[in-house]
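Only one structure is covered here, and it is reproduced in the block below.
The values are calculated or read from the model by the stated rules, or taken from the named source; none is laboratory data. It should be emphasised that the depicted structure is a prediction, and the values quoted were computed from it without experimental measurement. Neighbour counts run over all protein chains shown; Cβ positions are idealised from the backbone, glycine included. Each accessible area value is taken on the protein alone, full model and side chains, heavy atoms only, with ligands, DNA and RNA left out. Shrake-Rupley method; radii C 1.70, N 1.55, O 1.52, S 1.80 Å.
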Amino acid sequence: MQIGSRRCIINPVSGDGEHADYVPRLMEARGFDVYETEGEGDAVELGREAGRAEASEVAVCGGDGTINEVVRGLNDAGHLDSVTLSVIPAGTANLLAGNIGIRDIEHGIEIADTGDTRTVDVGVADADPFLVSCIAGLPADASVSTPGELKERFGTLAFLITGTQEALRFDGLDLTIEAVGEDGPFTWSGEATCLLVGNARKFIAEGGQADMEDGLLDVAIVEQMPAGNLVAEAIGQRLLALDTDGVTHVRADEITVDGHGDPITFSRDGELSTHETLSLSVRETTLTLRVGPGYEPNPD
């Protein structure tokens, strides 16, 4: 095996930080060179360096934001379709890990060494990749600080339970959304509370894992409604049911979001960015990803 072909990038301050004491030792014992982030942007640069070094395997120990940064770096280096990525969940919510069957840090270490692989889709927002989701509107800011326990239980809608005051102040988004969906072209215009676009995560019905190998993004548009109604619906887990009034669902491989000249904040796997317009698409079966035995390629 080429020296340096297996790399592990660790965010030592993700989650409770306890993993920083033992994950490096365990990964080095499995033949991984270990690199630790020290500040903002380090994970992107370490991803670029791994790509430039043509690393065959990259394990990421951290949360969804750290994973996204490493993926961005690998993409910048033109290496995303040539690497095998694995996830060691050390963040708060760990949405990607949960969706691909990885239970905890110890399980992630085992999977990073010997786990099965699948080739999965990568979402793209303009030039930036994402694996879990890209969301706009009320949750884009609030979900970043939502406690992990609520995120795990309620997913993206956890922001409504802890962010009632933000909901009361939120004026909504004036959007036009154009998409090429599985049923043909689609256009929606109006006032929206949020736009939820999932690659590894779906937002309809019971939510949970989306099909990451179908070449489509799962899209939910929540129309503007009174904040009290939003919170009540979220707590009752009815907001994104298939028959909920004011919620539109579509599955698409190309999406354009136009804010009519107003800046829109998007959260791409927890990383915030602002755009007046944004184009989203799918790079079908691009990334080789190590998955746990509980991963379902085609979930219901």
### Query
Of all residues in region 169-185, which are open to solvent by 50 Å² or more (accessible area, probe 1.4 Å) and either charged (D, E, K, R) or not in a loop (DSSP other than H, G, I, E, B) (or both)?
169, 171, 174, 178, 180, 182, 183, 185
### Query
Looking at region 16-37, is at least one residue under 20 Å from the mean Cα position of the chain (by Cα), surrounded by fewer than 18 Cβ atoms within 10 Å (Cβ to Cβ) and farther than 21 Å from residue 291 by Cα?
no
### Query
Taking residue 74, is it over 15 Å from the mean Cα position of the chain (by Cα), under 22 Å from residue 283 (Cα atoms), at pLDDT 95 or above and not assigned by the TED database to the domain that holds residue 263?
yes
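Per-residue answers, yes or no, for (1) open to solvent by 30 Å² or more (accessible area, probe 1.4 Å); (2) modelled with pLDDT of 80 or more; (3) of a type in the set (S, T, N, Q):
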| residue | (1), (2), (3) |
| --- | --- |
| 222 | no, yes, no |
| 226 | yes, no, no |
| 235 | yes, no, no |
| 238 | yes, no, no |
| 242 | yes, no, no |
| 249 | yes, yes, no |
| 252 | no, yes, no |
| 258 | yes, yes, no |
## Note on the structure
Heads up, the helices (runs of 4 or more DSSP H) in region 61-139 (entirely inside) with at least 2 residues that are farther than 17 Å from residue 35 by Cβ, open to solvent by less than 20 Å² (accessible area, probe 1.4 Å) and out of contact with any Asp or Glu (no Cβ under 6 Å at 6 or more places or on another chain) are 95-99, 105-114
### Query
Residues in region 277-287: is at least one open to solvent by 40 Å² or more (accessible area, probe 1.4 Å), at pLDDT 90 or above and more than 27 Å from residue 63 (Cα to Cα)?
yes
### Task
For residue 46, work out the one condition from (1) of a type in the set (A, V, I, L, M); (2) modelled with pLDDT of 95 or more; (3) assigned to a helix (DSSP H, G or I); (4) over 20 Å from the mean Cα position of the chain (by Cα) it doesn't fulfil.
(4)
### Task
Mind listing whichever residues of region 186-208 are part of a strand (DSSP E or B), surrounded by fewer than 22 Cβ atoms within 10 Å (Cβ to Cβ) and modelled with pLDDT under 90?
208
